[in-house]
1. Could you please report the charge total around residue 12, scoring K, R as +1 and D, E as -1 over all other residues with beta-carbon less than 12 angstrom from its beta-carbon?
2. Figure the gain on full extension for residue 77 and residue 16 (residue separation times 0.36 nm, minus the Cα-Cα span) and round it to one decimal in nm.
3. Give me the dipole magnitude in Debye, nearest 20, for the chain about the Cα centre, with unit charges on the beta carbon: positive for Lys and Arg, negative for Asp and Glu.
4. Against the longest principal axis of the chain, how steep is helix 6-29, in degrees 0 to 90 to the nearest 10, with axes from Cα atoms?
5. For Cα Rg over 2.2 N^0.38 Å, the listed values are [x] 1.84; [y] 1.09; [z] 2.48; which was obtained by calculation from the structure presented?
6. On C-alpha positions alone, give me the angle between the axis of helix 32-48 and the longest principal axis of the chain, in degrees, nearest 10.
7. For region 1-56, what is the accessible area per residue in Å² when the probe is 1.4 Å?
Amino acid sequence: MRTQSKAGRARRKRQNEDVVRIQGAWQASVPAARAKEFDAAVAQARARGPLQPPPDMAKGTLPNPPRPGREPKPKVDPSRAKKRY
């Protein structure tokens, strides 16, 4: 397992502190009513949780249509006469 350097840990700690400082300044600049709406939207999104994975589907179905140029050929019409040259 790779160990983290002291410089790397210090850099990440500084970055985290900067994010907290910037986020606090941004929240202070937003009007109180708008900040409450934002906090409510964030809480609602977190309560929803992650998206469920899509169901397993057979190849060539709607999420994975055939590649262009690989579509099946149309059926030959048996009532049509063959050309004679």
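1. +3
2. Here the answer is 15.0 nm.
3. In debye, rounded to 20, the chain gives about 760.
4. Between helix and principal axis, roughly 90 degrees.
5. Computing Cα Rg over 2.2 N^0.38 Å and matching it to [x] 1.84; [y] 1.09; [z] 2.48 gives [z].
6. Rounded to the nearest ten degrees, it is 50.
7. 100
The values are calculated or read from the model by the stated rules, or taken from the named source; none is laboratory data. Every value quoted in this text rests on a predicted model; they were computed, and no experiment measured them. Heads up, the Cβs are rebuilt from the backbone with ideal geometry, glycines too, and the neighbour counts pull from every protein chain shown. For accessibility, only protein heavy atoms count, side chains too; no ligands or nucleic acids. Shrake-Rupley method; radii C 1.70, N 1.55, O 1.52, S 1.80 Å.
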